[in-house]
Structure formats: structure tokens, C-alpha cells
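All remarks here apply to the structure that follows.
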Amino acid sequence: MSAHVSTQYGNISLESGWNEEPTLVDEINLIVVGVTRESEDEEGSSTPVRNALADMNIMIKHGGITESLDFVPSEEEAGWYEAEILPTRIGSYSLVLNGTVQDQPISDEIEIEDVESKQGISYPEAAGSCSGGGAAGAPTDVNLIGGQISNVSKSDYK
């Protein structure tokens, strides 16, 4: 969780981004949002905000396409919320925030880390492909499939 974006709205701080980084196309991931409130008593002290997204609408945006996200509280850490997503396109994504957190109005668009191709980390290169990627990122190792199928013949069932 190193490339999260921190934004401040009054005494409310949001930290948002992808759970798994680098974020790869066609890999299930989570959008995570952490919400804290700065304490008025102690400088530099912050408290996780429970039920912070009750009055917030958060959408994911890629190009001109937006989709609402359904956030649930994290089971691991108070003040953190997560929404499962399967990014299907490479490129820039952003979160569109609208609503309030503890009476603090929030209306913003935050760019999060880009979704990348699997090509840079794929090994070995998929068979029959010069670029290392199959159709829509699907494995295309024809030799492996052909080898498995050729081991089964009609004579095996006589």
C-alpha cells in the first residue's frame, strides 16, 4: 500500500488507492479508502472514522466511464473501507468523491495508480505470441494443452 494518495478536507483525511500494487489488468483487486479525523486536543493525532462512508458516493472512473463502488468496512483495520473490482483496461483510473464525512463536505476527483499490463512480469512468454500476452490476457500455451490432450486416445478405453 505504498502509492496511496492522501487528501485533506478540513479535519478529515482520506487515504485512497489500490490494495495490491502494481495493479494489473484482469486481476481482481480492491480499492481501499482510509478515513481519519484529526484530533482538536493533540496536534498530529488522528482517529479512525467508523461508518465514514455512510453519506459518501464514491465512483471509479476510467476515461469517460464511471461506476459506483460498494464499500464495506475492512475486517483488519478500523477506519478503512474496501470495494472489490476487476480492472479490465490498462491506463489511468480515478476516484470521484461526493458527499460528507462527519458534516465535512467532500467533492473531489483523485487520480490513483495506473493499471498496468501483465506483459512486463509474465514469464515465460505465452506460446504463439511475440508480445507475451494472449487474447484479453488469457494463457495461450498451446503446447501444454496439446500435450495433455494427446496423452488420451481411444485405445486407452478398449
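The values are calculated or read from the model by the stated rules, or taken from the named source; none is laboratory data. Keep in mind the model is a prediction, meaning the values are calculated, not measured. Cβ atoms come from the backbone with ideal geometry, glycine included; neighbour counts cover every protein chain shown. In case anyone asks, the SASA skips ligands and DNA or RNA and just uses the protein heavy atoms, side chains included. Shrake-Rupley method; radii C 1.70, N 1.55, O 1.52, S 1.80 Å.
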Quiz prompt | Boolean, G147 is at pLDDT below 75, over 30 Å from N51 (Cα atoms), open to solvent by less than 80 Å² (accessible area, probe 1.4 Å) and not in a loop (DSSP other than H, G, I, E, B) | solution = yes
Quiz item: Quick check: is even one residue across the range 51-60 more than 19 Å from P105 (Cβ to Cβ) and buried (at least 16 other Cβ atoms within 10 Å of the Cβ)?
Solution: yes
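Could you check the range 33-84 and list, in sequence order, the residues that are of a type in the set (A, V, I, L, M, F, W, C), out of contact with any Gly (no Cβ under 9 Å at 6 or more places or on another chain) and outside any loop (DSSP other than H, G, I, E, B)? Don't jump to the end; show me each part of the working.
Step one: list which residues in the range 33-84 are of a type in the set (A, V, I, L, M, F, W, C), which gives 33, 35, 49, 52-54, 56, 58-60, 65, 69, 71-72, 78, 80, 83.
Filter again for out of contact with any Gly (no Cβ under 9 Å at 6 or more places or on another chain), leaving 59-60, 65, 69, 71-72, 78, 83.
Those that are of a type in the set (A, V, I, L, M, F, W, C), out of contact with any Gly (no Cβ under 9 Å at 6 or more places or on another chain) and outside any loop (DSSP other than H, G, I, E, B): M59, I60, I65, V72, A83.
Applying the selection to the range 110-131, what residues are open to solvent by 60 Å² or more (accessible area, probe 1.4 Å) and either at pLDDT below 95 or in contact with a Leu (Cβ under 7 Å, 6 or more places away or on another chain) (or both)?
From the range 110-131, those open to solvent by 60 Å² or more (accessible area, probe 1.4 Å) are 111, 114, 116, 119-121, 123-125, 128, 130-131; that's our starting set.
Within the range 110-131, E116, Q119, G120, I121, Y123, P124, E125, G128, C130, S131 qualify.
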Quiz item: Would you call S45 open to solvent by 30 Å² or more (accessible area, probe 1.4 Å), modelled with pLDDT under 95 and either closer than 19 Å to E111 by Cβ or hydroxyl-bearing (S, T, Y) (or both)?
Solution: yes
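Does at least one position in the range 14-32 carry a residue that is over 20 Å from the mean Cα position of the chain (by Cα) and not in a loop (DSSP other than H, G, I, E, B)?
Going through the range 14-32, the residues over 20 Å from the mean Cα position of the chain (by Cα) turn out to be none.
No - not one qualifying residue is present in the range 14-32.
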Quiz item: Consider L30 against the criteria (1) in contact (Cβ under 8 Å) with a residue 24 or more places away in the chain; (2) closer than 20 Å to I106 by Cα: it satisfies all of them except one. Which criterion is unmet?
Solution: (2)
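Give the range 10-42 a look and list any residue that's of a type outside the set (V, I, T), closer than 27 Å to S122 by Cβ and open to solvent by less than 80 Å² (accessible area, probe 1.4 Å), or say none. Break it down into steps so the answer makes sense when it comes.
Keep residues of the range 10-42 that are of a type outside the set (V, I, T), which gives 10-11, 13-22, 24, 26-27, 29-30, 34, 37-42.
Then drop every residue that is not closer than 27 Å to S122 by Cβ, which leaves 17-22, 24, 26-27, 29-30.
Scanning the range 10-42 gives G17, W18, N19, E21, P22, L24, D26, N29, L30.
Of the residues that make up the range 100-107, is at least one under 29 Å from Y9 (Cβ atoms), in a loop (DSSP other than H, G, I, E, B), modelled with pLDDT of 80 or more and touching a strand residue (DSSP E or B) at 6+ places or on another chain (Cβ under 9 Å)?
yes
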